[in-house]
Amino acid sequence: MSKSSKYRFGTKAIHAGVEPDSATGAIMTPIYQTSTYVQSAPGQHKGYEYSRSQNPTREALEKSIAALENAEFGFCFASGLAAIDAIIKTLKPGDEVVSTNDLYGGTYRIFTNIFKDFGIHFNFIGMQDAATIAQHITDKTKLIWVETPTNPMMNIIDVKAVSEIAKKHKVLLAVDNTFSTPYLQNPLELGADLVMHSVTKYIGGHSDVIMGALATNDEQLAHRLKFIQNASGAVPGPQDCFLVLRGIKTLHLRMQRHCENGAAVANFLKSHPKVNKVFWPGFQTHPNHEIASSQMHDFGGMISFSLKENTKEAATEILKRFKLFTLAESLGGVESLSGHPATMTHASIPKAERDKIGLSDSLIRLSVGIEDIEDLIYDLKQALS
């Protein structure tokens, strides 16, 4: 099923990249649990030599993710951070990256604690006003890194406006599309050069896989990423690829329910007397709400909120009382999760930097699942009581 097909998203989620098994006719892609492949003579094979380089199960998944992002090329990695690692490995010592200052703690950590030591400079800035980005670009800037919505403050960045700046300065634009998924947002169509996903989250959707993915329409960049994927070797196994292929088939159904439940939870929290602020791009009062409305198809199931009693202890007591919003790292699974960014997902970011973006000690992040909304609201009520 080619990228150029006119099928809509739900149809592509079920069929894109997947073909009946040629040997048996199996409708589900088999798990090719093999490390190597027989050759009839040196260099003569059926397209597969070694499973770090090529694997049919992984290949089907890469085609599926590429199709969902309306991309020509897709690549899967052992984790989201492995995918980010591959992107930064396309740079050289002395190169500069302009990154949003509100981003996943693991991304911040790999930028500052790993690649900074290899001579790559990272400049973290607020990107809510895209026009201000240009003043931070120098002749050494090679990449702009964007999350939107951001993690955990749900800030919205205008991908189309940033892409125009990137093209003007001949800089690559990469977008972490994990929170939105291809169902809600397609950065390549907005002008981005590269899309990254933590497949662990919504795309896998069942909290049973660690994986990352990249998608692009840039052939030269794709060749470089393919080389890095093979040479560095951070590839996922076929069992995990099979599980994600399974998860993708319901991505559109799950995401719609995440959005519906997210809206209900956000509105409940907004009216609760113990809640100070609710961060969710669906509110008309949310900064850059109009941009979110134009570049996203809906507003997702990720929500953060702070308490009027702005202490870590107050947040901890609420997190301990949750029954359905399970306290755990990660997000995007069918089950609702809660977290405390300051001590969990964003603990690697210094407090001074957290304070700059409004990541307070009482901030709680929710990944709203697909349970019955009445039960989720009841859980919120009893935890906040």
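Points to keep in mind about this one:
- Applying the criterion of at least 3 residues that are farther than 22 Å from T107 by Cα and over 21 Å from the mean Cα position of the chain (by Cα) to the helices (runs of 4 or more DSSP H) found wholly in segment 197-298 leaves 219-232, 251-270.
- Lone qualifier among A134, A166 - being among the small types (G, A, S), touching a helix residue (DSSP H, G or I) at 6+ places or on another chain (Cβ under 9 Å), within 22 Å of S294 (Cβ to Cβ) and open to solvent by 10 Å² or more (accessible area, probe 1.4 Å): A134
- Residue that is surrounded by the most Cβ atoms within 10 Å (Cβ to Cβ), among those in segment 341-357 that are closer than 23 Å to K320 by Cα and in contact (Cβ under 8 Å) with a residue 40 or more places away in the chain: H346
- Considering only residues in segment 171-221 that are hydroxyl-bearing (S, T, Y) and open to solvent by less than 10 Å² (accessible area, probe 1.4 Å), the one that is farthest from A234 (Cα to Cα) turns out to be S180.
- Of the candidates S330, S362, S338, the single residue that is in contact with a strand residue (DSSP E or B) (Cβ under 8 Å, 6 or more places away or on another chain), in a loop (DSSP other than H, G, I, E, B) and crowded, with 20+ Cβ neighbours inside 10 Å is S362.
- Conditions (1) assigned to a loop (DSSP other than H, G, I, E, B); (2) over 30 Å from G369 (Cα atoms): number failed by I144: (1)
- Restricting attention to segment 278-326, the residues that are open to solvent by less than 90 Å² (accessible area, probe 1.4 Å) and either β-branched (V, I, T) or without any contact (Cβ under 8 Å) to a residue 24 or more places away in the chain (or both) total 11.
The values are calculated or read from the model by the stated rules, or taken from the named source; none is laboratory data. Computed from a predicted model, the values in this text were never measured in an experiment. Neighbour counts run over all protein chains shown; Cβ positions are idealised from the backbone, glycine included. Note: areas computed on protein heavy atoms with side chains; ligands, DNA, RNA excluded. Shrake-Rupley method; radii C 1.70, N 1.55, O 1.52, S 1.80 Å.
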